[in-house]
Structures are given as structure tokens and as C-alpha cells.
Ligand code: SR1
Ligand code: MG
């Protein structure tokens, strides 16, 4: 039987032979090793390294079930979606996504550039590293990838074709359940509630009917607003970074959805980093610098996005009705309101949904963790309930200050 003619889940030690069979990347006979390096909720990521030269490459394979919840089956088609969007994003934001060398539909595996010299951003943030280029790079990525795949810029027929190519029912289903439903009702009993916050979450979330209504609206906006080709899961575990450069990767949740979903996810994950630093760092200059950087990065992400929205709009939009005076700012206000709304939904789901973030769960002191979670909940509710009023970075830092004050020791 021909090698790799039917799907199986690779073991780390099988990855080198797979790379050698599929690609001329390492010379024949080189000593290669394979190691699993992924810690995600869904896929398997292997690094194949040439033991003599140190040269390396990545194999990412989709399993038939998610790793976090084996009952949650997800289509392996997500690999095709990921490989396809990374190629497109490399056209719109060159150099800000890793290169894909090959996608294999049978093994549901892709072979891609190893982002050596870069660290997963969440890991770096948990070590309280700051990244001065982040807001600049992420907004270049967002403004270009979002606007240029939307009807603002793209030919309408071409865009509709892409909407079809990126129909992603299983992964969107995960978001619709885990992000946009279960945090508000725990309907499947699989939320992870930190015991000291049980009553707070019941009162502030499950029993807050006004909040649940706004969350319901955001859920249906997510399902029905095919605005742009979004990454769909743009948290700090989907970014590899160093002081000079940023890579955005792992876009398997991609589909045509609201732009604000991606921007809001970035914003909220910077607040998670702030909460971690605030809870675990020793008082002093290092802590102040880290906390200031988190707040600045959060505000800059919004403000630089707005600036780049303007620039990309002016450079690329030719659609006659989009050029009608007033349309550009009207369209932006919709994106910004969604940004706040989905920042809030990301906040709540990471506190007490099924998939939590280390920024919060790794806070060992129970009282400090409970407080960090409450800050996120209060901030998130503000973002959701008052989303039309969040129009610039300062609105987010002001909301963060209010949330911190509400839970001051
Ligand atoms: C079952 S997957 C859980 C979460 O991990 C991914 O990164 C997404 O955020 C998803 O919601
Ligand atoms: Mg992921």
C-alpha cells in the first residue's frame, strides 16, 4: 500500500519520515528527530529537527477529536481552511504569518515554517515580557486582512466565493457554544467555575437577564454577519513573537464573520496578561512597567486599528456606495461596537467557560485569582452592555480602571 494513502494520527517519532516522504527540505540520510511541541486544545504539532544543523520545520496534524474534550468531534477539514487562509493572509499581511510548504488532505496535516526565535506570546506574557512592536504589527495584520477580504475592497463575486470556501461549521459551532452560549447558561454542565467565585458568577452572569440578551444578540451577529475573513481565535496563544517581529498563526477557526470578533479577542487577552501581572508580580518598577505596557498595548491596538482602517479604506476602497460621505465612519462604528462586545464575550468565556486561560488559572493565591476573575467579569460586562460607547483606546483603559476600582482590596 502506498505510504500515507489513508489517515492515521502520527506519533512524534513518525513525523521525520513523513516530512522526508513529502518534501525535499532535509537532505536524504540526515539525522532527524521529532518532538510534540503543541499545547493547544485541538491539534498535534510536531517539530522535526536536523540534529546536526539545527534546521527545523513544523508538522501540524488535525486529530479526529479535540484534545481538551474527547467527546467534541471536529471535522479535519479545518486543516484545509487553515492552510488556505494562511496563503491569503500572506498576500494581505506579508511576513506576518508563517509560510505553508504543503497541505496533505489525506493525512490532514500541513508542513509549515518553524517560527524559530519567536515565543508563544501567552508564554512570554506569563513571564511578564513586553513586546513594543505588538500593537503596530497586529493592527497592520488586522486592518489589511479584514478590510481587504470584505465587500469594502474585494470584488463582490470573489468575496461570495470565499464565503463558501470558508464555511467552517464544526469550528464555528465550538465558538457558538463555548464562547457565545455556555458562559451564560452552562447548558451542558461543562463550565469550569472557580469555587470562590461561584455565587458571583451566578449572580453577575447566569442571572443577569440584560447581559444574556446582549450576549444573544452578539451570538447571532457572529453567525449571520459575513463581513470579512476573520482569524476566529486570535488570542495570545495564536501569536508567536519576539522584540522585532510578530507571527499570527493557528487560524483554523477562520470563516466569514464580524471583524470586531478578532480585534476584541486581542484586546481582551491583553487584559488577561495585565490581571496576571497585577496578581503575581512583586511590587516595584518592573511590575509598573509591565502593567503600563499591557494597558498601552490594549489602547494602542484599538487606536492604531482605527488609524489603519482609515488608511486602508482610502487606499483600497473603490466601491461607489462605500465612498458615499459618512459611510466610512458609520461602518467603523459598527466594527468598534462589535470589538467591545466580543472583547467582553472572550473575557467571560475564559473566566468560567470550558477553555480557560493560564493567565488566570495559574494565579496560585486563591484570593488574588478570585479578584482577577472578578475584574475580568466586571470589565467584560461593561464592554458588552455599553459597546457602542467604546470608540477609542482610552475607553478601554477607563473601563479597566473602573473594574479594578470596583474590586480593590
Ligand atoms: C474545544 S476547543 C476550545 C477552545 O480552544 C481554541 O483555542 C478555541 O478558543 C476554542 O474555543
Ligand atoms: Mg488554536
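Listed values, structure above:
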{"read-out": "Helix axis angle, 134-147 relative to the chain longest principal axis, alpha carbon, degrees", "value": "80"}
{"read-out": "Gain on full stretching of the segment that runs from residue 190 to residue 158 - 0.36 nm per residue minus C-alpha separation", "value": "7.5 nm"}
{"read-out": "Helical contribution to [θ] at 222 nm, DSSP H n ≥ 4, -39,500 (n - 2.57), averaged over the chain, rounded to 500", "value": "-16000 deg cm²/dmol"}
{"read-out": "Most to least packed among 150-157, 332-339 [average Cβ atoms within 10 Å]", "value": "332-339, 150-157"}
{"read-out": "FRET efficiency estimate (nearest 0.05) - Cβ-Cβ, residue 87 to residue 28, R0 35 angstrom", "value": "0.80"}
{"read-out": "Two-site label geometry, residue 324 and residue 101: point separation in nm, points 7 Å out along Cα→Cβ", "value": "5.1"}
{"read-out": "Mean Cβ neighbour count within 10 Å, used as a protection proxy, ranking 361-369, 389-397 highest first", "value": "389-397, 361-369"}
{"read-out": "Tilt relative to the chain, helix 156-165 - C-alpha long axis, 0 to 90 degrees, to 10", "value": "70"}
{"read-out": "Rg(Cα) / (2.2 N^0.38 Å) computed for the chain, rounded to two decimals", "value": "0.98"}
{"read-out": "Residues residue 151 and residue 367, FRET efficiency given R0 of 56 Å [Cβ-Cβ distance, rounded to 0.05]", "value": "0.70"}
{"read-out": "Rounded FRET efficiency, nearest 0.05, which uses the C-beta distance separating residue 406 from residue 216 and R0 of 22 Å", "value": "0.30"}
{"read-out": "Rounded to 10°, Cα long-axis angle of helix 209-224 versus longest principal axis of the chain", "value": "40"}
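Taken together, the values in this text are just the output of simple stated rules run on the coordinates, not laboratory data. Predicted model only: the values in this text are computed from it and were never measured. In this analysis, Cβ positions are derived from the backbone assuming ideal geometry, glycine residues included, and neighbour counts consider all displayed protein chains.
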